[in-house]
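*Asks:* Quick one: the structure is below, questions incoming.
Rule-based calculations on the coordinates, nothing more; no lab input. For clarity, every value in this text was computed on a predicted model and none was experimentally measured. Here the Cβ positions follow ideal geometry from the backbone for every residue, glycine too, while neighbour counts run over all protein chains shown.
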Amino acid sequence: MDLIQLTIKGISYSQTQNGAYALILNEMNGERKLPIVIGAFEAQSIAIALEKDIIPPRPLTHDLFKNFADIFGITIVEVIIHKLVDGVFYSSIVCRSNDKEEVIDARTSDAIALALRFRAPIYTHKTILEKAGIYLKSTDKEDEEEVEEAPIDDVTLGKSDYSKMNIKELNQLLEDAVKNENYEIAAKIRDEISKRQ
């Protein structure tokens, strides 16, 4: 099979679709990126899985699925983005329980959110990457780092000017954001705190 492994580069607010996000997947051992438009809930779930420091007070839907699967001895072996039709990506989740393996159809955003929780690899076919892959070249290294570090765009979050707050205020704001399950803002505040350390 002509499968190419992908890694997650980042998530940003979609400039083309209101209320949507762009998940950027990176070709492993290559320079092509695969942008996939996903919904706000899935973007939040993926961002939480990427952030090791933020633990939600209650499990999100994908966390619940992971807990359920663990109890019944089901693991996700891999996720394959196998089809692209009219700009919509289709994915399969390869699951294993005991010696039995099953392939389950899933939305790509859900499949990736689960792959992160199971630490399962994400693949796509060479033809899909050739058709939808793009080269994102940045002339400024800082721009490149900004895409990786900023899981979700500030415009969506209604971000306050965190640079004017002290560490104590930021820590309180971070605690409140996690308590209220506003993980996008929590990630931004955490980034601001990290910059100062």
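*Asks:* Are any of the pairs 168/188; 83/131; 52/188; 66/126; 164/188; 83/126 more than 20 Å apart by Cα-Cα distance, and if so, which? Walk me through the numbers before you get to the answer.
*Replies:* Values: 168/188 15 Å; 83/131 11 Å; 52/188 14 Å; 66/126 29 Å; 164/188 14 Å; 83/126 11 Å.
Pairs exceeding the cut-off: 66/126.
*Asks:* Starting from the Cα of residue 7, step 7 Å along the direction of its Cβ; do the same at residue 58; then give the gap between the two resulting points in nm.
*Replies:* Roughly 3.5 nm, to one decimal.
*Asks:* What are the residues whose amide H is under 5 Å from the amide H of residue 9, where those residues sit 5 or more places off or on another chain and H is modelled from the backbone?
*Replies:* Result for residue 9 returns 24, 25, 26.
*Asks:* Rounded to the nearest 0.05, what FRET efficiency is calculated for residue 171 and residue 67 with R0 set to 30 Å and r the Cβ-Cβ distance?
*Replies:* Using R0 = 30 Å, I get an efficiency of 0.55.
*Asks:* Local charge sum around residue 87 (other residues, Cβ-Cβ under 15 Å, Lys/Arg +1, Asp/Glu -1)?
*Replies:* +2
*Asks:* Pull out the extension gain between residue 41 and residue 86, defined as 0.36 nm times the separation in residues minus the alpha carbon to alpha carbon distance; nm, one decimal.
*Replies:* 13.9 nm
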